[in-house]
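Participant: Got a structure for you, written out below as structure tokens; questions coming shortly.
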Amino acid sequence: MTARETLDRIRVSLKEAGIEEFEYESWIFLEWIFGIRRADYYMDPNGMLNPEKEAFLEEVLAKRIRRVPLQYLMGSCEFMGYPFFVDERVLIPRQDTECLVEKAVELIRDSQRNGKEAPQVLDLCTGSGCIGISIKKLCPKAVVTLSDVSEGALEVAGRNADALEAEVSLIQSDLFEKIRGKYDYIISNPPYIPTKVIEGLMPEVRDYEPHLALDGTADGLFFYRKIVQEAEKYLKEGGVLLFEIGQEQGADLTEIMEKQGFAQIKIWKDLAGLDRVVMGRRLTI
């Protein structure tokens, strides 16, 4: 088949499967499998394609039609400008989470300018490691620890750390169960979707991403409560607790943190103008 025929076929298949971004993904398939970028395509849309690669296209396109996420099929996802390996053991990194990393990096760099050259950073519920590894890449002197309850997730995080040459430590722990010492920053994107909401999510998320990393129990706040309640034992004086949140959770989490004695609580919005990041500081321990 020609590049034009193949692109049209991908486009129609994805559209009929109900994939909203079928146009964008069609070009991704063409470049990923055949190495043909848009500029290449327009120079020679009638060029014949490698039949062996067409067979592979059939295989992965069938999976995508079943709504397997494209990132899992490709085994990669870009985050903060870095390529991260992903599979079904971890959530796919979202652009919204970049807001959390950007704020963490801003705070860490400010502290480094004020004399704290090697701050201790804990990425709790690390998943793919995208948060902690990105912080390490952008703040090389930070001492970063990645923690997750899932052994599979830590294997993915370790693979990403190796691939991106990020010197981090990894600990398998159910929240703070096996964490020792104190940190300047505890950063977390914990499960925060209310259980009843999960069934209404798009099939890619509901059927393929790990529910362990999604389910925040009945009100979505279970893990925030646990982390906030225990964090005081693991934060240095003046230490910062930084969360990603769902768009309607800012007020509830602020109340939870205030009751636990956190101060200087702030909420930042994402690019869509929705509440996305919450920070609190532990002033007395």
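The values are calculated or read from the model by the stated rules, or taken from the named source; none is laboratory data. Note that the structure is a prediction, hence the values are computed from the model and not measured. All Cβ positions, even for glycine, are placed from backbone atoms using ideal geometry, and neighbour counts span all protein chains on display. Just so you know, the surface numbers come from the protein's heavy atoms only, side chains and all, with ligands and any DNA or RNA stripped out. Shrake-Rupley method; radii C 1.70, N 1.55, O 1.52, S 1.80 Å.
Participant: Ordered by packing density, taken as the mean number of other Cβ atoms within 10 Å over each peptide's residues, highest first, how do 67-75, 155-163 rank?
Facilitator: The peptides rank, most packed first, as 155-163, 67-75.
Participant: From the helices alone, meaning DSSP H stretches of at least four residues, give me the mean residue ellipticity at 222 nm for the chain, per-run term -39500 (n - 2.57), in deg cm²/dmol to the nearest 500. Before the final figure, lay out the partial values.
Facilitator: Working: 12 runs with 124 residues, N = 285.
Mean residue ellipticity at 222 nm (helix-derived): -13000 deg cm²/dmol.
Participant: Using a simple charge model, +1 on the beta-carbon of Lys and Arg, -1 on the beta-carbon of Asp and Glu, nothing else, what dipole does the chain show about its Cα centre, in debye to the nearest 20?
Facilitator: My answer is approximately 900 debye.
Participant: Pick out, in residue order, every one of the trypsin sites (Lys or Arg not before Pro) in region 216-267 that is DSSP loop and has at most 15 other C-beta atoms within 10 Å; say none if there are none.
Facilitator: Loop-located and lightly packed - Lys233.
Participant: Would you pull out the residues with amide H under 5 Å of Ser128's amide H, same chain only if 5 or more places away, H placed 1.01 Å from N?
Facilitator: Close amide H contacts, sequence-distant or interchain: Leu91.
Participant: Which loop-located GluC sites (Glu not before Pro) does region 76-117 contain, where loop means any DSSP state but H, G, I, E or B and the Cβ has at most 10 other Cβ atoms within 10 Å?
Facilitator: Filter output for region 76-117: Glu117.
Participant: Can you pick out the pairs among Lys63/Lys226; Lys15/Lys53; Lys15/Lys103; Lys137/Lys178 whose Cα atoms lie more than 30 Å from each other? Don't skip to the answer; put the middle values down first.
Facilitator: Details: Lys63/Lys226 38 Å; Lys15/Lys53 22 Å; Lys15/Lys103 37 Å; Lys137/Lys178 25 Å.
The pairs that break the limit, which is 30 Å between Cα atoms, are Lys63/Lys226; Lys15/Lys103.
Participant: Would you mind getting the accessible area per residue of region 138-242, heavy atoms of the protein chains only, 1.4 Å probe, in Å²? Numbers along the way, then the final one.
Facilitator: Numbers: 4870 Å² over 105 residues.
Accessible area per residue: 46 Å².
Participant: Given a 1.4 Å probe and every protein chain left where it sits, what share in percent of the accessible area of region 214-285 is carbon and sulfur?
Facilitator: Its accessible area is 49 percent carbon and sulfur atoms.
Participant: Something else: Distance from the Cα centre of region 18-67 to that of region 124-163, in angstrom?
Facilitator: 32 Å
Participant: Using only the Cα atoms of region 36-188, what semi-axes does the equivalent ellipsoid have when each is the square root of 5 times a gyration tensor eigenvalue? Give whole Å, largest first.
Facilitator: In descending order, the three semi-axes are 36, 19, 11 Å.
Participant: Translational diffusion coefficient of the chain at 20 °C, 1.002 mPa s, Stokes-Einstein with Kirkwood Rh over Cα pairs, in µm²/s as a whole number.
Facilitator: 105 µm²/s
Participant: Starting from the coordinates of the alpha-carbon atoms of region 177-265, obtain the Kirkwood hydrodynamic radius over all distinct pairs and give the value in Å to one decimal.
Facilitator: The answer is 14.1 Å.
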